[in-house]
1. Scan 319, 270, 228 and give me the residue that is more than 27 Å from residue 197 (Cα to Cα) and surrounded by fewer than 22 Cβ atoms within 10 Å (Cβ to Cβ).
2. Which residues, counting only those in the stretch 244-270, are closer than 13 Å to residue 209 by Cα and in contact with a helix residue (DSSP H, G or I) (Cβ under 9 Å, 6 or more places away or on another chain)?
3. Restricting to the stretch 74-111, give me the number of residues that are at positive phi and either under 25 Å from the mean Cα position of the chain (by Cα) or surrounded by 22 or more Cβ atoms within 10 Å (Cβ to Cβ) (or both).
4. I want to confirm something. Restricting to the stretch 106-147 and keeping residues that are in contact (Cβ under 8 Å) with a residue 12 or more places away in the chain and part of a loop (DSSP other than H, G, I, E, B), which single residue is farthest from residue 14 (Cα to Cα)?
5. Whether any residue in the stretch 181-203 is at pLDDT 95 or above, within 19 Å of the chain's Cα centre (by Cα) and crowded, with 16+ Cβ neighbours inside 10 Å is what I want to check.
6. Of the residues that make up the stretch 285-306, is at least one assigned to a helix (DSSP H, G or I), surrounded by fewer than 15 Cβ atoms within 10 Å (Cβ to Cβ), at pLDDT 95 or above and at negative phi?
7. Taking helices (runs of 4 or more DSSP H) that fall entirely within the stretch 166-279, which contain at least 2 residues that are in contact (Cβ under 8 Å) with a residue 24 or more places away in the chain and closer than 19 Å to residue 299 by Cβ?
8. Examine the stretch 299-310 for a residue that is within 18 Å of the chain's Cα centre (by Cα) and under 21 Å from residue 20 (Cα atoms), and state whether such a residue exists.
């Protein structure tokens, strides 16, 4: 039995990206261990082949790094994992150093984004670029979530081209087309629109994720505030405010009081809410890929997305979505208004978006290829 350990800073990353892959790996004779910050609910996943080891870690800058590295080194030496896989900034830094110290042959960095890409410049960008270089240097192999992130990394000299690869067409976990069932869209659309009191013919734009500055929330809300001065439309925001002080205070106040903006807390039935939307918006400053864009596409939604590395891979502009520059509110306003004025184009692009996901991001096919890659690492490391 092959032993793999997944390390992330917080449990939400595991729950969002790794649970279904865990099931696939268990069926392929893997023993799976999760390590993240303490979360009692993680113990519910445990059985003979699935284990959880809590290691207190914090998101953001902290002074606990050396302690975490020492704890991880001890765990890695005791368990002798065939593969140690890590992602998210802090966990990747700590785990890459600890795995190297522990002598693990397969130190797999899943590059699901590059944090310093979100910084315009200055010392903060310099520091986080150096951290990214350390992680890449300590890792024995790198799996990029998208081709544009791979190309960006090579251009930034983060690692040699031979050290990294993109599996199939990219994405951390693909899309489960049984969950995102297009045949149920009409039923779910009627259900959610009735619940939210939105007319069937009203244009609805949507967002799913953390509501914070780096995800482009200020630009989206600013653009929508201008649009609804002239046109009738709704903005459906699924998710929680994160780093709420990064959202302009007057903008948040307007959004929370507006009848045209509807906030819904996080839900495990997100596919139903996608069904109620007409166009999906993701205006992020940085992404490893853009999972929510292809999830929305699976429910027949074209996307308005920023042209940043990672996310740019999720659509084909003017085929199944529209590409806009990051932080460009005027371009977002024009694109939203174009969608309102051209509903037939929106529907056509939505159909193209669903086909795009079926052809390139079906989850089981991706899991098969990800597992084959890990099998080859285990075989080479024996």
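The values are calculated or read from the model by the stated rules, or taken from the named source; none is laboratory data. As the structure is a prediction and not an experimental result, all values here were calculated from the model. As a convention, Cβ positions derive from the backbone with ideal geometry for all residues, glycine included, and neighbour counts pool all protein chains shown.
1. On the way: 270 fails: more than 27 Å from residue 197 (Cα to Cα); 228 fails: more than 27 Å from residue 197 (Cα to Cα).
Step by step, each of 319, 270, 228 is checked, and only 319 is more than 27 Å from residue 197 (Cα to Cα) and surrounded by fewer than 22 Cβ atoms within 10 Å (Cβ to Cβ).
2. The initial filter retains those residues of the stretch 244-270 that are closer than 13 Å to residue 209 by Cα, namely 263-268, 270.
263, 264, 267, 270 - these are the residues of the stretch 244-270 that are closer than 13 Å to residue 209 by Cα and in contact with a helix residue (DSSP H, G or I) (Cβ under 9 Å, 6 or more places away or on another chain).
3. Step one: of the stretch 74-111, the residues at positive phi are 80, 88, 103.
When the remaining residues are screened for being either under 25 Å from the mean Cα position of the chain (by Cα) or surrounded by 22 or more Cβ atoms within 10 Å (Cβ to Cβ) (or both), the result is 88.
Of the residues in the stretch 74-111, 1 are at positive phi and either under 25 Å from the mean Cα position of the chain (by Cα) or surrounded by 22 or more Cβ atoms within 10 Å (Cβ to Cβ) (or both).
4. Going through the stretch 106-147, the residues in contact (Cβ under 8 Å) with a residue 12 or more places away in the chain turn out to be 106-118, 128-129, 131-147.
Going one step further and asking which of them are part of a loop (DSSP other than H, G, I, E, B), we end up with 112-114, 139-140, 145-146.
Working: 112: 13, 113: 15, 114: 18, 139: 20, 140: 22, 145: 16, 146: 19 Å.
Checked the stretch 106-147; the qualifying residue farthest from residue 14 (Cα to Cα) is 140.
5. no
6. Let us first name the residues in the stretch 285-306 that are assigned to a helix (DSSP H, G or I), namely 291-298.
Next, only the ones that are surrounded by fewer than 15 Cβ atoms within 10 Å (Cβ to Cβ) stay: none.
No - not one qualifying residue is present in the stretch 285-306.
7. On the way: elements: 185-196, 217-227, 249-257, 270-276.
Because the criterion is at least 2 residues that are in contact (Cβ under 8 Å) with a residue 24 or more places away in the chain and closer than 19 Å to residue 299 by Cβ, the helices (runs of 4 or more DSSP H) in the stretch 166-279 that meet it are 185-196, 270-276.
8. Going residue by residue through the stretch 299-310, those that are within 18 Å of the chain's Cα centre (by Cα) are 299, 301-310.
Okay, now just the ones that are also under 21 Å from residue 20 (Cα atoms), so 299.
For the stretch 299-310, residues within 18 Å of the chain's Cα centre (by Cα) and under 21 Å from residue 20 (Cα atoms): present.
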